[in-house]
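For reference, the structure is listed below as structure tokens.
Since every read-out is calculated from the coordinates, none of them should be taken as a lab result. This structure is a prediction, so every number in the text was calculated from the model and none was measured. Reconstructed Cβ throughout: ideal geometry from the backbone, glycine too, with neighbour counts over all protein chains shown.
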Amino acid sequence: MNKALRRTVIAGNWKMNKTPDEAKALIEEMKPLVAGADCDVVLCVPYVDIPAAVEAAKGSNIRIGAENVHFKASGAYTGEVSADMLKAVGVEYVIIGHSERRQYFGETDQTVNLRTLAALNAGLKVILCVGETLEQRELGYTETLLKYQTKIGLTNVTAEQLKNVIIAYEPVWAIGTGVTATDDQADEGNGFVRAAVAEAYGADVAETVTVQYGGSMNAKNAEGLLSKVNVDGGLIGGASLKAPDFSVIVKAASK
Ligand code: PEP
């Protein structure tokens, strides 16, 4: 197992927070704090914040992502946004299959897969989220569930396209709850995801795939989580809304 074979990526997920002016101000505050990081730094922001965020991040090492994308190219899908539209306004990454989308907006593994294919075909990088609920963990289905979600999410994604996919292991019970997985639980979950990639694409490919951990990662616990061999970065919600906290995580990932 060689961590040097893969990029470490720290990505923020702002969820439904910040107006465009607030987004600009937060990115201006973050820029000097994360400059020179030895990892990729991404901020995934609400759709309406994208132009302001792209403008504010210009010339810095911060890349801008969206929080979702529709799987159709165009048409009668009121309220939706296509991959080409995101690409056209300077978006480079997109979160797909976040547990909040699955829980509140009827996202299924099948639509997660369709969105992943649409994003990759448009030239976006995908942050594909998978994770078990507490009930599934307690019933002993964590490994089965993570492998299933990973494989379905990646159906028809070629090995070449996989180079543009980051997988985020996000235990649902740890997202926004303040309950973080232990370092070992995060490493184990990420390992299950990597094993699923190995089953689908081979061990050599799996060694190169970035697998993030997400779920109440913060300035205090990041270093321990990121020290684990299977943890190649983080997807960060709450702590990505505070520049000092986010920059501590970025620095921990740069070690
Ligand atoms: C997330 O939104 O993906 C997330 C991990 O949130 P939080 O860090 O707040 O738990």
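Things worth noting here:
- Modelled FRET efficiency - R0 45 Å, Asp84 with Val179, Cβ distances, 0.05 increments: 0.70
- Among the DSSP helices (H) of the chain, none spans at least 27 angstrom by Cα along its long axis with an average Kyte-Doolittle hydropathy of 0.0 or more; this is a geometric and hydropathy rule only.
- FRET efficiency for Thr144 and Lys255, using Cβ-Cβ distance with R0 set to 30 Å, rounded to 0.05: 0.35
- Stretching the chain fully between Ala198 and Val48 yields a gain of 50.2 nm (0.36 nm per residue, less the alpha carbon separation).
- Relative to its Kirkwood radius, the Cα radius of gyration of the range 9-253 gives an Rg/Rh of 0.94.
- Ranked list, fewest to most other Cβ atoms within 10 Å of each Cβ, for Ser227, Ser216: Ser227, Ser216
- Each of Leu114, Leu162, Leu154, Leu139 was scored by other Cβ atoms within 10 Å of its Cβ. Listed from fewest to most, they are Leu139, Leu114, Leu162, Leu154.
- Sorted by Cβ density within 10 Å, fewest first, the residues Trp14, Trp173: Trp173, Trp14
- Here Lys255 is the anchor, and the lysines within straight C-alpha reach of less than 26 Å, apart from those fewer than 8 places off in the same chain, are Lys3, Lys31, Lys58, Lys125, Lys163, Lys220, Lys228, Lys242.
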